[in-house]
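Here's the structure, in C-alpha cells; my notes come after.
Readers should treat all values here as calculations from the given coordinates under stated rules, not as data from a laboratory. Bear in mind that the values here come from a model prediction, so they are computed numbers and not experimental data. Cβ placement follows ideal geometry from the backbone for every residue including glycine, while neighbour counts extend to all protein chains displayed.
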Amino acid sequence: MPCLAVFHPPASYLPRLCGLVLVCLFLLAAASCSSKDNRKPVYPVKGRVLFQDKPAAGAFVVFVPVNESAEPTDPRPGGYADKDGFFTLSTYGANDGAPAGEYYVSVVWRGTNPDETRDDDPDRLQGRYSDPKKSGLRATVREGPNELAPFRLK
C-alpha cells in the first residue's frame, strides 16, 4: 500500500493564514470600490461638428486633456455626431459629460452611421483632425452644463 505524506501545518500558522486571507479580501474590496471613488466629477457637454457648414453625421469627437500624463489612467470623453452634427460627450457612462478642464479635440469621420462603420473605413477628413495636438481644435469644459461653439471643419 503506498504511503501518502500529507503536510499539516502547526496550529500557530492558522491565525496568520486567516489574517492573510482577510487582508487579501480587504484589498480586493478596496480595489473594486476605488474605480468609482477615483472618478472625477463630470459636467454635461453638448457640441456640434460641421464640415463645410454641413452636419458631419457620424463623426467621432474625442476630448484629450491638455495636461494629460504620458500614461493616462482616466478615460477620454467622446461622442458621435447625430444626423444634424450634434454630439454629447460620455466619459464614464452614456452622455454623462466630461471633467472640467482644457482639452485638445480630435475628430475622425468614417461614415454617417456609427453602428455601420468599421475602424478600417477611410476617414472622410483624411486624418486632418485625427491628431488632437495637431487638429487646431480646442475646448474648455466648465463646471455646470456646457454648450460649445460648433467645430467648423474644412
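Determine by what factor the alpha-carbon radius of gyration of the stretch 95-154 differs from 2.2 N^0.38 Å, reporting the quotient.
Ratio of Cα Rg to 2.2 N^0.38 Å: 1.28.
From the C-alpha gyration tensor of the stretch 35-154, pull out the three semi-axes of the equivalent ellipsoid (sqrt of 5λ each), sorted largest to smallest, in whole Å.
Square roots of five times the eigenvalues give 23, 15, 14 Å.
Given H placed on each backbone N at 1.01 Å, which residues far from Arg48 in sequence or on other chains put an amide H within less than 5 Å of it?
Phe87, Phe151
Net charge near Ala56, counting Lys/Arg +1 and Asp/Glu -1 over other residues with Cβ under 13 Å of its Cβ?
That sum, taken over residues with Cβ under 13 Å, equals +4.
Calculate, axis by axis, the spread of Cα positions in the stretch 76-121 along the three principal axes, and write the results as whole Å, longest axis first.
32, 19, 19
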